[in-house]
Amino acid sequence: MIDLNTDISAPGYTPTDRQREQIALRDRTCVFPWCSQPARRCDLDHTIPFDHAAAAEGRPQPGPTITSNLGALCRRHHRLKTSGRWRVSQPSHGVF
Ligand SMILES: [Zn+2]
């Protein structure tokens, strides 16, 4: 059983199966407005980007792999975000 309101964290960059399952159940679809792509077919996006250099440089991780920092985005909307043409925030767990 997975509590949808509990943060699940992972130490590295790649989300775990348990995190994927929680996001699929919590978000149901891509979180972009009106997008209906099922969450199970979406990418898991780090809302605040994961900084791959942080650990090596001794800085705190700004975008940890924790479910309050992950959201379902379909490939199209994930690319839109990565390109900087759309921004998303997650003020609380699962609220975008
Ligand atoms: Zn989408």
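Just so you know, all these numbers are worked out from the coordinates, no wet-lab data involved. Quantities reported herein were computed from a predicted structural model and do not represent experimental measurements. Glycine gets a Cβ as well: all are built from the backbone with ideal geometry, and neighbour counts include every protein chain shown.
Observations on the model:
- Per-pair calculated FRET efficiency, R0 = 22 Å: GLU57 and THR14 via Cβ, rounded to 0.05: 0.60
- Ordering ARG76, ARG20 by the number of other Cβ atoms within 10 Å of each residue's own Cβ, fewest first, gives ARG76, ARG20.
- Cα pair distances of the stretch 16-82 binned at 5 Å [whole percent]: 4, 19, 26, 22, 16, 9, 5, 1
- Residues HIS52, HIS77, HIS93, arranged from fewest to most other Cβ atoms within 10 angstrom of their Cβ, appear as HIS52, HIS93, HIS77.
- Extension gain for the segment PHE50 to ARG85, taken as residue separation times 0.36 nm less the Cα-Cα distance, is 10.8 nm to one decimal.
- Considering only alpha-carbon pairs that sit under 8 angstrom and 6 or more positions apart, the relative contact order computed for the stretch 16-82 is 37 percent.
- Backbone HN-Hα couplings from phi across the stretch 34-41 [Karplus 6.51/-1.76/1.60, Hz, Gly and Pro as x]: 6, 6, 10, 4, x, 4, 5, 9
- Here the Gaussian network model covers the chain, with springs between Cα atoms less than 10 Å apart; of ALA55, ALA39, ALA72, ALA55 fluctuates the most.
- Within the stretch 16-82: Cβ-based charge dipole about Cα centre, in debye rounded to nearest 20 (Lys, Arg +1; Asp, Glu -1): 320
- Gap separating the Cα centres of the stretch 59-81 and the stretch 17-32, nearest whole Å: 12
- Cα lying deepest toward the dipole's positive end in the chain, options LEU73, ILE48, PRO15, charges on Cβ: LEU73
- Couplings for the stretch 58-69, taken from phi via the Karplus curve 6.51 cos²θ - 1.76 cosθ + 1.60 with θ = phi - 60°, read x, 9, x, 6, x, x, x, 8, 9, 5, 6, 10 Hz in order; Gly and Pro are left as x.
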